[in-house]
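The values are calculated or read from the model by the stated rules, or taken from the named source; none is laboratory data. Remember, it's a predicted structure, so these values are computed and weren't measured experimentally. Ideal geometry is used to build each Cβ from the backbone, glycine not excepted, and the neighbour counts take in all protein chains shown. Surface areas here come from the heavy atoms of the whole protein model, side chains and all, with no ligands, DNA or RNA. Shrake-Rupley method; radii C 1.70, N 1.55, O 1.52, S 1.80 Å.
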Amino acid sequence: MNADLEALLDAQNGVATSGQILTLQSRREFNDDLRTGALQRIWQGIYSRGAPDDWTRLRGLDLSAGAVVPICLCTAAALYGFDTENPKDLHVLNPPHHQLRNADGLVVHRRDGAPMAEVRGRPATTAAWTAIEVARSLRRPRSLATLDAALRSGTCDRLELARALTKQAGRRGVVVVRELLPLADPRAESPMESEARLVIIDGGLPAPVLQYELID
């Protein structure tokens, strides 16, 4: 990879269009970089330096759309620090005046009226809205794990979750999440801990005290 292309990738956070690349090197050099993995295709006409992570893929999507792309669901949860599912797909919303399409590794949603926030320079559905939306899409044990993780992250509190739940009333999975929200506990340190706690509660046993300290 030549120095001019390296400089372009540095300036654009590791992504570039095929047109930009071909102004800086020959088609043969371009193909050589693809073959060695120095460049990798992430979207139609968009390439990254080396293997991309999710945030590089998002920056490539920004470059393709010509606008910063908002995120939702598990992709937003990951940005807030409470994703428990680690899906392979990016979940995004259309930026204003743009129309993205679903693609391999990309799911485009409509969330008219969803409250938005800016996190690390990227628009995202708010933390509480995101947590409720993710939780109601999962099985009960994973729903509780998401609610626990959202509270533990400190990005939203129980009241904000309750308000977001009210705003999503009537949508699929809301009844289950309404039942689980009083059980959510920020002291849970892993999804498996959350799942085990729910099994105990469902079994009719007293709710366990989390992170109980034993001193010898």
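The table below gives the values:
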| item | result |
| --- | --- |
| The stretch 1-111: antiparallel DSSP beta bridges as a percent of all, rounded to 5 | 70 |
| Option label - percent of Cα pairs over 33 Å apart computed here, alternatives (i) 39; (ii) 20; (iii) 30 | (iii) |
| Computed E for Asn2/Ala51 - FRET, C-beta separation, R0 30 angstrom, nearest 0.05 | 0.90 |
| Degrees between helix 140-153 axis and first principal axis of the chain (Cα, 0 to 90, nearest 10) | 80 |
| Selection from Leu34, Pro95, Gly203 lying farthest towards where the dipole of the chain points positive, charges on Cβ | Pro95 |
| Cβ-derived FRET efficiency at R0 25 Å, His98 paired with Ala11, nearest 0.05 | 0.65 |
| Relative contact order (%) - criterion: Cα under 8 Å, at least six apart; region: the chain | 13 |
| Test item: Cα-centred dipole of the chain, Lys/Arg +1 and Asp/Glu -1 on Cβ, debye | 880 |
| Solvent-accessible area per residue, Å², over the stretch 11-169 with all protein chains present [probe radius 1.4 Å] | 48 |
| Carbon plus sulfur fraction of accessible area for the chain, probe 1.4 Å, in percent | 51 |
| Nitroxide proxy distance, nm - points 7 Å out along Cα→Cβ at Lys167 and Leu183 | 2.6 |
| Value at 222 nm in deg cm²/dmol, rounded to 500, when DSSP H runs of n ≥ 4 in the chain each add -39,500 (n - 2.57) | -13000 deg cm²/dmol |
| HN-Hα J in Hz across the stretch 93-100 - Karplus 6.51, -1.76, 1.60, θ = phi - 60°, x for Gly and Pro | 10, 5, x, x, 6, 10, 10, 7 |
| Distance from the stretch 79-100 to the stretch 115-132 (C-alpha centre basis), Å | 10 |
| Computed FRET value (nearest 0.05) for Arg158 with Ile215, which takes r as the C-beta separation and R₀ as 30 Å | 0.50 |
| DSSP bridge pairs, the chain: antiparallel proportion in percent, nearest 5 | 70 |
| Spatial separation of Cα centroids for the stretch 2-51 and the stretch 146-161, in angstrom | 40 |
| Most mobile listed residue (Ala149, Ala11, Ala169) in the chain, GNM with C-alpha springs under 10 Å | Ala11 |
| Pairwise label distance in nanometres, Leu34 with Arg111, each label 7 Å out on the Cα-Cβ vector | 3.4 |
